[in-house]
Each structure stands twice: as C-alpha cells, then as structure tokens.
Amino acid sequence: MNTDSHNKKLSRKEEEIMSCFWEQGPLFVREVMELMPEPKPHVNTVSTFVRALEAKGWLTREQIGNSYRYAAAVPVSDYRDRSLRGLVDRFFGRSCLSLVSSLVKEEKISTEELRELIRQIEEGKEE
C-alpha cells in the first residue's frame, strides 16, 4: 500500500466496511452487504465503497469464478495505532500522559484500573 493512501483517514462508512474485513477475513461484496446493519445499503453502494477502498490500497482482491473476493490489505492494528497517534497529536498536544490524565479526570478509567494497567505493563517488560 502506498504511503499516501495509507495515511488517509477512513470515513465512517469506509471504516464500517473495513471492520467487516478485519473481523471476518476475505469476503465477497454480497457477504459484506449482509454484515451491514439495517437498513441494509444497496449492493451497488457497497460495491462502490469496496472498489474505492481497493483503489486506495485498503483492500486487495482475488478473482474467484466470475466474482472478486476482497481482503484487508492493512491490519486493523496498524489502523488503530495510526488513529490513536492522530488523536493524541491533535487533541492532547502529542502527549500520551495528557490523554491518560484526561481519561482519569473524566472518570473513564479509575485509579484502580490505572494501577492494574501499570502492573501489567511492568510485568510485560520483565518477560
């Protein structure tokens, strides 16, 4: 995948479609459509998004019979890490400490959970 497309953020709908591939593995367009929430989009709409994601380098395709099966070209972990970095950069002055501090202040994470996270990190470093 070229770096230009790899750095572009996915739209909400593109992210929803990519989630199907990240969770299920390779899929045909009709299978993606079946995984979409109600109200189901038209198969042509899903097909247009899938082809666009392939053109941008997010998906690869393999011809099977008269159809194409698509697969994620970018692991969800790469997208998640890049999205988190972007969030920290834009909203927390590039400071992970500011992010964690905000989570604690907003009571999204308790001090007990934070202590447990620190314990897990410290144990992970010892291994």
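The values are calculated or read from the model by the stated rules, or taken from the named source; none is laboratory data. These figures come from a predicted structure and were not determined experimentally. Note that we place each Cβ from the backbone using ideal geometry, even for glycine, and neighbour counts take in every protein chain shown.
Data for the structure
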{"item": "Looking only at the stretch 20-48, and only at residues there that are of a type in the set (S, T, N, Q) and without any contact (Cβ under 8 Å) to a residue 12 or more places away in the chain, the one that is farthest from Ser77 (Cα to Cα)", "result": "Asn44"}
{"item": "Residue check for Pro26: loosely packed, with under 13 Cβ neighbours inside 10 Å, over 16 Å from Arg82 (Cα atoms) and either modelled with pLDDT under 90 or assigned by TED's automatic domain parsing to the domain that holds Arg61 (or both)", "result": "no"}
{"item": "Options Arg61, Arg85, Arg69, Arg80; residue that is more than 12 Å from the chain's Cα centre (by Cα), under 30 Å from Val100 (Cα atoms) and basic (Lys, Arg)", "result": "Arg85"}
{"item": "Scope the stretch 81-127; condition closer than 27 Å to Leu10 by Cα, of a type in the set (Val, Ile, Thr) and loosely packed, with under 12 Cβ neighbours inside 10 Å; matching residues", "result": "none"}
